[in-house]
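For reference, the structure discussed in these notes is given below.
The values are calculated or read from the model by the stated rules, or taken from the named source; none is laboratory data. Owing to the predicted nature of the structure, the values given are computational and were not obtained by experimental measurement. Cβ placement follows ideal geometry from the backbone for every residue including glycine, while neighbour counts extend to all protein chains displayed.
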Amino acid sequence: MSIQIRLKDIIEEMEIQFEACRTFLNIKTGEIISVTEDDLRAAEDEEPFDHLPDWQQEDLKVANDVVENFENYKELPTKYEVNEYEIMEDFCLTVRNPRKQNILLKSIKGKGAFRRFKDKIIDFEIEDQWYSFRDERFKKIAVEWCRDNNVNYIG
């Protein structure tokens, strides 16, 4: 594969993934695109779309290209493969103060875990450490994905 993709671009896309949406790298052009599952289904079913608004037609053209030329696309890691909850838990285990570690581990249990965790890292003034840890983990996942998919990347 001759294209090179910026690791930063892959990481940014991994961070902003949405439900019912899939993100792909076009290995021929280096373009990263997101396609809704509904648009992919419509493309697979070959539903006509010339009656739709221009913006929607454009989305369906992209989905059609993914379906028709699937060998040109590699799906980026999904939010489930990234597993940000696991990243939070791993971070909690790096906190050396046993009291703070325990509070953080309790904060990530149950509904509202992400909000409670964020509040606690702000309270403990360890936001910078968290974001550095998270960034490194996202980078590691992106690098592994590139290697597994034979994608050339630059820093």
Of all residues in segment 33-57 being of a type in the set (Asp, Glu) and assigned to a helix (DSSP H, G or I), which is modelled with the lowest pLDDT? ASP54
If the requirement is being touching a helix residue (DSSP H, G or I) at 6+ places or on another chain (Cβ under 6 Å) and closer than 30 Å to LEU25 by Cα, which of these qualifies: PHE133, PHE117? PHE133
Which numbered condition trips up ARG22, out of (1) buried (at least 18 other Cβ atoms within 10 Å of the Cβ); (2) under 20 Å from the mean Cα position of the chain (by Cα); (3) not polar (S, T, N, Q); (4) not in a strand (DSSP E or B)? (4)
Has segment 107-115 got any residue that is among the aliphatic types (A, V, I, L, M) and in contact with a Lys or Arg (Cβ under 8 Å, 6 or more places away or on another chain)? yes
With a cut-off of at least 3 residues that are of a type in the set (D, E, K, R) and within 22 Å of PRO77 (Cβ to Cβ), name the helices (runs of 4 or more DSSP H) lying wholly within segment 87-155. 127-148
If you go through segment 25-43, how many residues are exposed (fewer than 13 other Cβ atoms within 10 Å of the Cβ), out of contact with any Cys (no Cβ under 9 Å at 6 or more places or on another chain) and without any contact (Cβ under 8 Å) to a residue 24 or more places away in the chain? 1
Mind counting the residues in segment 1-19 that are closer than 25 Å to GLN56 by Cβ and assigned to a loop (DSSP other than H, G, I, E, B)? 4
I want to confirm something. Restricting to segment 58-76 and keeping residues that are part of a helix (DSSP H, G or I) and touching an Asp or Glu at 6+ places or on another chain (Cβ under 7 Å), which single residue is nearest to THR23 (Cα to Cα)? ALA63
Could you grab me the full set of residues in segment 58-80 that are polar (S, T, N, Q) and surrounded by 13 or more Cβ atoms within 10 Å (Cβ to Cβ)? ASN64, ASN72, THR78
